[in-house]
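Accompanying notes for the structure given below.
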Amino acid sequence: MSIVTLLPFIVLIGAMFLMTRSAKKKQQAAAQMRNEMQPGTGVRTIGGMYATVKEIHEDTVLLEVAPSVHAIYAKNAIGAVLPDEEYNRILDGADPVSHDEPVVPDDASSLTGATAADAPETGDKADKIDLGKDETPAEPAAAADEPAAEEAAKADSDTAKSDAEPAKDDKKAGGADAK
């Protein structure tokens with residue numbers, strides 16, 4: 001056999017080796033993270049639940065999911081061990097404000113240089129723009145003119161029929177529009 005026929009098999013075996021190697025590294029990192037857990041640290045389970053570690057056993061972990069509420073989980077169910085700052089931020093629901101980031105204003109007046117006194121009024125005090133619409137309801141007028149609307153529709157259909165008849169005659173005679 002030549003090397004050309006063996007080349008696809010060699011590439012396939014090499015790819016499988018690289019994939020299993022990276023998976024083993026991830027498993028080792030996860031196992032090391034779980035072994036470094038200590039009571040009092042915050043964790044996130046693979047189901048997305050946040051809890052505090054109370055006791056660590058050989059294959060299980062006792063977690064406090066709420067004050068005085070404990071649950072036993074397998075060590076493999078721990079998805080991440082969280083730093084104290086992040087765990088406290090998640091539990092408190094507070095998002096720390098960074099003073100390095102610019103603050104976006106609620107309105108554009110501060111971006112244009114206008115002061116609060118120069119700013120246009122908003123809400124009920126603002127001038128209303130007339131878009132040319134009548135404030136009268138359209139339904140009563142339509143109900144009153146219903147017979148007139150039907151007559152106009154009949155007249156339009158009669159006109160369309162009379163316009164269509166010469167076109168049919170041209171097509172039958174082989175006129176310019178026939179092709």
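The table for this structure:
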{"read-out": "Area projected by the alpha carbon convex hull of segment 46-97, averaged over all directions, nm²", "value": "3.9 nm²"}
{"read-out": "Accessible area, probe 1.4 Å, largest first, for residues Lys24, Lys54", "value": "Lys24, Lys54"}
{"read-out": "Accessible surface, 1.4 Å probe, highest first, among residues Thr45, Thr5, Thr60", "value": "Thr5, Thr60, Thr45"}
{"read-out": "Cβ-based charge dipole, segment 19-68, positive-most Cα from Gln38, Pro67, Gly48", "value": "Gly48"}
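The values are calculated or read from the model by the stated rules, or taken from the named source; none is laboratory data. Everything quoted here is computed from the prediction, not taken from an experiment. Every residue, glycine as well, gets a Cβ built from its backbone with ideal geometry; the counts of neighbours run over all protein chains shown. Ligands, DNA and RNA are stripped out before the accessible areas are found, and what is left, the full protein with its side chains, is counted by its heavy atoms. Shrake-Rupley method; radii C 1.70, N 1.55, O 1.52, S 1.80 Å.
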